[in-house]
Amino acid sequence: MVHALSFLVVLLAAAGAVAGLFMRTGSAAGPAVSDTAAVGGLVATAGEADWASLTSHHMDTGDGYQMPAQMMPGAPEGDNQRLGITLHLTNAGSEVRRFDLANEFTLAGGGTTTALTPHSDTFGALSRLNPDSAVNGVVYFDTQAPRPDDPPFELLWRRDGTTHRLLVRLPGAPAQHEHGAS
């Protein structure tokens, strides 16, 4: 009887550990979501996200209408808003490390059905980090504000054959205005 009870305790502990892993990752086989990931000699840390203010994208200061994207090249199209995610890249190694933001980072979650590529960023033409150096910047995506029942946004980092999911901390929805209100 004692052996059967010990076996049951071990079995329950193992089941709890598996359930906890499943709850943290969203799937038994998927990578865990975290603020920081290390791969290919670089460390990426996602900071807080925020909706970009495009005040010149509105035709007036009241409850008017949003300027169509064709009147303001580069502006988000349709109901999309510009989401900026702070990103910190670190090279703590002894070799120069190359990176390609446009090809390595995408945005998933929210109301999107496919991962979105970046619209732009503040890293400029920077594509490498020297040893013992770091850089901060913002990566921008055009997307719709998530609804309460949408999954949270995640920054996906694909590098050296692996994908890491970085948590996107989003403090709130973008400021909305009534389209066509009188």
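No lab work stands behind these numbers, since they all come straight from the coordinates. Everything numeric here is computed off the predicted structure, so don't read it as measured data. Because the Cβ atoms are built from the backbone with ideal geometry, glycine has one as well, and the counts that use them run over all protein chains shown.
Let's see how each residue does on (1) closer than 26 Å to Pro146 by Cα; (2) in a loop (DSSP other than H, G, I, E, B); (3) among the acidic types (Asp, Glu):
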| position | (1), (2), (3) |
| --- | --- |
| Gly84 | yes, no, no |
| His88 | yes, no, no |
| Gly93 | no, yes, no |
| Ala102 | yes, no, no |
| Thr106 | yes, no, no |
| Gly111 | yes, yes, no |
| Leu126 | no, yes, no |
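So, in segment 75-106, of the ones that are without any contact (Cβ under 8 Å) to a residue 40 or more places away in the chain and more than 20 Å from Leu129 (Cα to Cα), which residue ends up surrounded by the most Cβ atoms within 10 Å (Cβ to Cβ)? Taking the candidates together, the pick is Ala75. For segment 143-173, a tally of residues being surrounded by fewer than 13 Cβ atoms within 10 Å (Cβ to Cβ) and basic (Lys, Arg) returns 1.
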